[in-house]
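Worksheet: the structure to be examined is printed underneath.
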Amino acid sequence: MLTILKGNILSAPEMGKIEAIPHGYLVAEDGIIEGIYPVLPDKYASAPVEDYGDDLILQSFADLHLHAPQYPMLGMGMDLPLLDWLTTYTYPNESRFQDTDYARYVYHRLAQELVSYGTTRVCMFSSFHTDATLILMDELEKAGVTGYVGKVGMDRNGIPGMMESSTAEAISETDRWLAACHFEHIKPILTPRFTPSCTNELMAHLGKLATELHLPVQSHLSENRAEIAWVRELHPDCEQYWQTYAKYGLWNDRTVMAHCVWSDEKERQAIRDAGVTVIHCPDSNQNVSSGFAPVRQMLTEGTKVSLGSDIAGGDHLCMFDVITAAIRASKVKGMIDDWKTPFLTVKEGWYLGTSAGAAFFGEQPGFAKGNPLHAIVIRDDTLLNPRTMSLEDRLERAVYRRQKDALQAVWSAGRKILDRSTAAK
Ligand code: GUN
Ligand code: FE
């Protein structure tokens with residue numbers, strides 16, 4: 001099956017670089033990108049072309065850290081720092097996902113909204129509830145989203161009703177969940193919520209599963225200073241937070257760690273040595289008063305970094321917003337650090353929200369040959385043009401304006417999962 005899209009094709013083949021092909025062709029065979037061309041190769045001459053005219057054809061987004069059960073509390077409870085925010089707002093809210101009807105309703109809405117923003121790859125936290133987690137995976141699968149979902153591991157330091165009733169149950173429910181995962185595009189990821197939420201026994205079980213089943217791992221790391229101090233009390237044998245994951249086999253190149261706001265040189269070195277991917281969540285870092293992550297420094301040092309909305313610590317689900325938040329956060333960091341590090345450019349921010357996240361799923365940067373087709377079409381012809389606009393100008397404006405209804409169509413793993421366009425023929 002051939003898919004040929006025509007329009008202004010923009011992609012991020014490397015950090016800080018944009019490849020722009022005006023009125024070009026993006027060709028996929030059986031959902032896998034074959035190439036991008038300024039002129040359609042002869043062999044496709046008789047194939048149907050979806051012509052998007054002067055619209056922009058971009059890579060879709062990867063959101064590598066978000067909490068599905070926090071979706072209903074999006075935009076609320078922003079007056080407390082992390083640990084108080086968790087017990088006061090987040091855990092009571094997540095405890096409602098015991099109710100599978102509620103889970104079905106909320107997760108259907110979440111999946112639809114993700115697609116409407118052009119997010120097609122995720123690493124997502126569910127709650128500790130096994131049945132609701134399977135419902136979440138089912139709703140994402142049906143909506144056409146791809147990626148990983150984790151049943152949250154949590155057998156201590158929750159609140160009543162918001163953690164597993166025992167470690168034995170946490171272990172058996174994790175096993176039950178894994179046995180029931182049978183989705184094509186949504187796969188399981190092991191998810192200790194963060195070190196304070198998991199007994200050593202649960203961490204050890206998750207680490208064993210990671211090794212035996214070769215499963216990826218997601219969690220939180222060095223987000224907030226009170227959290228770091230707590231981890232030190234809980235694991236006096238570990239000099240640094242990352243070691244609490246490493247000692248249980250949860251620290252390797254299939255691990256994503258959200259935040260790393262306070263990771264010092266030694267922790268950053270451990271991140272690089274293991275090939276862990278850092279997920280920067282700028283909205284959340286400011287909303288729950290965690291701090292400003294050393295993103296530029298991590299990038300310069302060669303750490304893998306991509307972006308997460310981290311709803312509902314983060315208040316934006318749309319990755320265009322998260323990209324601009326990352327750029328702004330890097331400017332604030334520059335201002336308070338006397339410009340020791342340069343801020344992120346739009347091209348860099350866009351790379352982090354697209355190609356950098358896609359790398360965790362084994363894709364090459366940009367619309368590379370061999371990648372599954374993940375793409376969006378953006379229409380911007382209702383906006384005023386202050387001057388003759390280059391394609392790069394238009395990309396910058398699309399990122400910052402993030403106009404509602406600009407999105408015309410979405411492809412995910414080769415499938416067209418949203419079509420609002422009247423332009424395509
Ligand atoms: N650390 C442990 N749980 C959470 C959570 O739900 N959100 C954030 N931002 N940090 C966490
Ligand atoms: Fe988080």
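Side notes on the structure shown:
- Out of I4, I9, sole residue that is in a strand (DSSP E or B) and more than 21 Å from D393 (Cα to Cα): I4
- Test: V278 is open to solvent by less than 10 Å² (accessible area, probe 1.4 Å) and over 23 Å from V149 (Cα atoms): no
- Any hit, region 81-99, residues being modelled with pLDDT of 95 or more, more than 30 Å from W230 (Cβ to Cβ) and away from ligand 1 (no atom under 16 Å from the Cβ): yes
- Within region 129-224, strands (runs of 3 or more DSSP E) holding 3 or more residues that are crowded, with 21+ Cβ neighbours inside 10 Å: 146-150, 217-221
- Unique residue being touching a strand residue (DSSP E or B) at 6+ places or on another chain (Cβ under 6 Å) and over 18 Å from W411 (Cα atoms) when the list is S95, S127, S60: S127
- Consider region 11-29 and keep the residues that are farther than 22 Å from K347 by Cα and in contact with a Gly (Cβ under 7 Å, 6 or more places away or on another chain). The one that is surrounded by the most Cβ atoms within 10 Å (Cβ to Cβ) is V27.
- Within region 64-117, the set of residues being at negative phi, not in a helix (DSSP H, G or I) and not hydrophobic (A, V, I, L, M, F, W, C) comprises H65, H67, D79, P81, D99, Y117.
- Among the residues of region 298-328, those that are away from ligand 2 (no atom under 16 Å from the Cβ) and of a type outside the set (D, E, K, R) comprise M298, L299, T300, G302, T303, C318, F320, I323, T324, I327.
- Test: residue in region 36-51 that is over 29 Å from H259 (Cα atoms), in a strand (DSSP E or B) and open to solvent by less than 10 Å² (accessible area, probe 1.4 Å): no
- M76 vs. criteria within 22 Å of the chain's Cα centre (by Cα), within 15 Å of ligand 1 (Cβ to nearest atom) and over 30 Å from E19 (Cα atoms): yes
- If you go through region 277-292 and keep only what is under 16 Å from the mean Cα position of the chain (by Cα) and more than 14 Å from ligand 2 (Cβ to nearest atom), you end up with just T277.
- Within the set V256, V295, the sole residue that is of a type in the set (A, V, I, L, M) and within 16 Å of ligand 2 (Cβ to nearest atom) turns out to be V256.
- Which numbered condition T341 misses (of (1) at pLDDT 95 or above; (2) in contact with a Pro (Cβ under 9 Å, 6 or more places away or on another chain)): (1)
- Residues of region 226-259 satisfying the condition of being more than 13 Å from ligand 1 (Cβ to nearest atom), part of a helix (DSSP H, G or I), more than 21 Å from L307 (Cα to Cα) and open to solvent by 10 Å² or more (accessible area, probe 1.4 Å): A229, R232, E233, L234, Q243, A246
- Of the residues making up region 260-269, those that are open to solvent by 10 Å² or more (accessible area, probe 1.4 Å) and more than 16 Å from ligand 1 (Cβ to nearest atom) are D264, E265, K266, R268, Q269.
- Which listed residue, of D273, D310, is open to solvent by 20 Å² or more (accessible area, probe 1.4 Å) and among the charged types (D, E, K, R): D273
- Of the residues S60, S126, the single one that is open to solvent by less than 40 Å² (accessible area, probe 1.4 Å), under 17 Å from the mean Cα position of the chain (by Cα) and over 30 Å from I378 (Cβ atoms) is S126.
- Index of the failed condition, F343 passing every other in (1) farther than 13 Å from M15 by Cα; (2) open to solvent by 10 Å² or more (accessible area, probe 1.4 Å); (3) assigned to a helix (DSSP H, G or I): (3)
- Qualifying residue in region 389-398 (condition: basic (K, R) and surrounded by fewer than 23 Cβ atoms within 10 Å (Cβ to Cβ)): yes
- Verdict on G77 being within 16 Å of ligand 2 (Cβ to nearest atom), in contact (Cβ under 8 Å) with a residue 60 or more places away in the chain and open to solvent by less than 40 Å² (accessible area, probe 1.4 Å): yes
The values are calculated or read from the model by the stated rules, or taken from the named source; none is laboratory data. These numbers were taken from a predicted model, which means no experiment stands behind them. Every residue, glycine among them, receives a Cβ derived from its backbone with ideal geometry; neighbour counts consider all protein chains shown. Heads up: the accessible areas ignore ligands, DNA and RNA and are worked out on the full protein's heavy atoms, side chains in. Shrake-Rupley method; radii C 1.70, N 1.55, O 1.52, S 1.80 Å.
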